[in-house]
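Below is one structure, written out as structure tokens, with a few remarks after it.
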Amino acid sequence: MNNISVIGSGTMGNGIAHVFAQYGHQVTLIDINEKALEKALATIEKNLDRQVAKEKISEADKNKALANITTNTDIAAGVKNADLVVEAATENFEIKKQLFQTMDENAPESAILATNTSSISITRIAAETNRPGQVIGMHFMNPVPVMKLVEVIRGYATTDETTAKVMETSKKLQKVPVEVNDYPGFVANRILMPMINEAIYTLFEGVAGVEEIDTVMKLGMAHPMGPLQLADFIGLDVCLSILRVLHEGFGNQKYAPCPLLVNMVTAGYKGVKTGEGFYKYTPGSKDLVVSEMFKK
Ligand code: CAA
């Protein structure tokens with residue numbers, strides 16, 4: 001699969017375009033917003049520069065990767081030569097439904113249509129197309145150029161052939177693909193989100209403070225980030241919406257989002273993206289400062 005179209009140029013989309021381009025694929029990065037595409041290309045260049053600085057790739061590799069990426073603001077035109085389309089747009093079923101219908105109408109008949117969704121049912125998305133056997137989940141982790149996992153999610157109708165092609169393509173990106181079935185939260189978020197929710201409950205109930213909770217998990221369990229910092233990094237709104245998918249999908253109270261998380265998202269404290277969540281973020285600074293709200 002040589003020609004890859006990536007829909008959505010946000011954090012996940014630009015990371016996915018980055019790795020496909022780095023490993024020699026021709027990438028069309030698609031976004032309806034021209035400014036977002038310019039920003040995405042600048043981010044990809046900055047992240048490739050990091051890899052050059054760490055001597056992971058050469059300057060020539062960086063230039064080749066950048067030359068492999070073209071952009072398009074028209075979805076229909078952007079997918080017309082694709083072997084594989086990876087959709088990484090907003091986590092909203094109605095938006096994905098429209099996108100998959102457009103992809104289905106315009107991509108070659110043989111193309112595989114993948115989604116990077118973190119929690120929307122692959123089976124439900126596939127049912128909106130005329131090729132449900134060729135629809136699959138390709139769930140990359142943030143930051144995409146660094147994290148080795150691709151959670152490959154088979155919808156109810158996804159064929160063995162589609163799965164095999166996506167597993168093989170992921171391996172060529174030097175990733176480790178793991179095949180899972182399509183149930184709420186798949187595997188990654190079914191396990192990660194209850195841990196994050198429990199960390200928020202632990203704070204909410206006054207068992208320990210923000211730094212204490214994160215330090216226990218960082219030093220005690222060798223997690224690179226504590227669960228509260230990770231929640232800020234993922235986005236508290238994203239965590240809340242995934243917990244709601246789990247809660248609704250299983251009808252089990254154990255997934256009920258902590259009221260503190262609900263309040264924070266309602267008040268606009270969504271983590272890194274809004275500048276404050278459990279921690280306060282200053283652009284350009286790597287210091288981890290606990291939000292005033294949680295200072296003792
Ligand atoms: N592009 C390229 N390289 C990057 C990068 C990017 N966007 N971001 C970081 N890096 C590289 C750095 O250059 C650095 O390289 P070396 O190891 O060669 O030094 C390395 O990654 C580590 O980066 P930093 O030194 O800047 O910072 P760090 O050591 O604190 O690590 C981190 C940052 C990699 C993000 C680490 O904290 C981490 O692994 N955190 C956990 C991330 C995680 O759990 N992600 C999954 C989230 S869940 C998800 O994505 C799915 C979902 O559905 C919610």
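The numbers here are math on the coordinates, done by the rules we state, and not lab data. A quick note: this is a predicted structure, and the numbers were derived from the prediction, not measured. Don't worry about glycine lacking a Cβ; one is built from the backbone with ideal geometry, like all the others, and counts go over all protein chains shown.
Brief remarks follow.
- Distances between placed amide hydrogens fall under 5 Å for GLU179 paired with VAL152, all partners being 5 or more residues away or on another chain.
- Centre separation in Å (Cα based) which lies between region 107-145 and region 24-99: 17 Å
- Taking the inverse of the mean 1/r over every pair of distinct Cα atoms in region 17-99 gives a Kirkwood hydrodynamic radius of 13.7 Å.
- Overall form of region 47-150 per C-alpha gyration tensor (a/c, 1.5; a/b vs b/c): prolate
- Local net charge near GLU161, Cβ-Cβ under 15 Å (Lys/Arg +1, Asp/Glu -1): -2
- Projecting the Cα positions of VAL238, ALA256, VAL207 onto the charge dipole of the chain (unit charges on Cβ atoms of Lys, Arg, Asp and Glu, taken about the Cα centre) puts VAL207 furthest along the positive direction.
- Segments 6-13, 26-33 sorted - mean Cβ within 10 Å per residue, highest first: 6-13, 26-33
- Part-to-part distance (alpha-carbon centres) for region 271-296 and region 198-258, which is given in Å: 16 Å
- For region 188-255, the dipole from Cβ point charges (+1 on Lys and Arg, -1 on Asp and Glu) about the Cα centre works out to 280 debye, to the nearest 20.
- Seen from ASN14, the other residues with C-beta closer than 12 Å to its C-beta sum to a net charge of -1, counting Lys and Arg as +1 and Asp and Glu as -1.
- Listed residues ALA267, ILE120, TYR279: farthest to the positive end of the dipole of the chain (Cβ charges): TYR279
- Across region 190-291, the mean sequence separation of Cα contacts (distance under 8 Å, 6 or more residues apart), normalised by length, yields a relative contact order of 24 percent.
- Candidate cross-link partners of LYS218 among the lysines, defined by an alpha-carbon separation under 23 Å and a same-chain spacing of 8 or more, comprise LYS148, LYS270, LYS273, LYS280, LYS286, LYS295, LYS296.
- For GLU198 and ASP74, the FRET efficiency from 1/(1 + (r/R0)^6), where r spans their Cβ atoms and R0 equals 41 Å, is about 0.40.
- Counting every pair of alpha carbons in region 190-291, the share spaced more than 16 Å apart comes to 54 percent.
- Magnitude of the charge dipole, the chain, Cβ model with Lys/Arg +1 and Asp/Glu -1, debye to 20: 460 debye
- Share of pairwise Cα separations in region 115-162, more than 15 Å, in percent: 43 percent
- Once backbone amide H atoms are built at 1.01 Å from N, TYR281 has GLU276 as its partners under 5 Å, excluding neighbours fewer than 5 places away on the same chain.
- Volume in Å³ per residue [convex hull over Cα atoms, computed for the chain]: 132 Å³
- Note on MET167 and VAL289: the extension gain reaches 39.9 nm, defined as 0.36 nm multiplied by sequence separation minus the Cα-Cα distance.
- Bridges between two residues of region 133-262, per DSSP, are antiparallel at a rate of about 45%.
- Here the Karplus curve 6.51 cos²θ - 1.76 cosθ + 1.60, taken at θ = phi - 60°, turns the phi angles of region 284-292 into couplings of x, 10, 9, 5, 9, 10, 5, 4, 3 Hz, with x standing for Gly and Pro.
- Our summary gives the chain a relative contact order of 12 percent, counting only alpha carbon pairs under 8 angstrom and 6 or more residues apart.
- Only Lys, Arg (+1) and Asp, Glu (-1) charged, at Cβ; region 45-112 dipole about Cα centre in debye: 320 debye
- Think of the chain as a dipole: +1 on every Lys or Arg Cβ, -1 on every Asp or Glu Cβ, centred on the Cα centre; then among THR90, LEU149, GLY78, LEU149 lies furthest on the positive end.
- Over the chain: helical MRE at 222 nm, DSSP H runs n ≥ 4 each giving -39500 (n - 2.57), nearest 500: -14000 deg cm²/dmol
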